[in-house]
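Here the structure is laid out as structure tokens; the discussion comes afterwards.
Where a number appears in this text, it was derived from the coordinates with a stated rule and is not lab data. Since this is a predicted model, take the numbers as computed values, not measurements. Cβ coordinates were reconstructed from backbone atoms using ideal geometry, including for glycine residues, and neighbour counts include every protein chain displayed.
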């Protein structure tokens, strides 16, 4: 059985490959992928919180061996950011505060 963080790393690797290489006529220089999971503290409401945030750059993606590297290695090479508790479980984090956005004219801009 895999953890939420393991699944987040798999999702990150898969989405990064798709964003950088599988969308025709689109060549982003960087993409942001944030993965969320459900948290509930005793006596509180259920909340979706980010557990992994990655701002991946095309130059870093070009160095990845997409055929051989496991998703965990790919996510790390792309700059996946997360935090673990003492037992190794993912803790909630704030997504990167410099999100990637497209301008109204389709140009890329940093927020």
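A crude spin-label estimate for the pair residue 15 and residue 83, with each label 7 Å from Cα along the Cβ direction, gives 2.0 nm.
Residues of segment 58-93 with an amide N closer than 17 Å to a point placed 7 Å from the Cα of residue 27 along the Cα-to-Cβ direction: 58-63. Working note: 222 nm ellipticity from helices only, DSSP H runs with n ≥ 4, each -39,500 (n - 2.57), summed and divided by the residues of the chain, gives -6000 deg cm²/dmol to the nearest 500. Under the criterion of Cα pairs below 8 Å and six or more residues apart, the relative contact order for segment 4-96 equals 31 percent.
Sorted by packing (mean other beta-carbon atoms within 10 Å per residue), highest first, where do 4-12, 58-66 land?
4-12, 58-66
With all distinct Cα pairs included, what does the Kirkwood hydrodynamic radius of the chain come out to in Å, to one decimal, could you say? In the chain this quantity evaluates to 15.1 Å.
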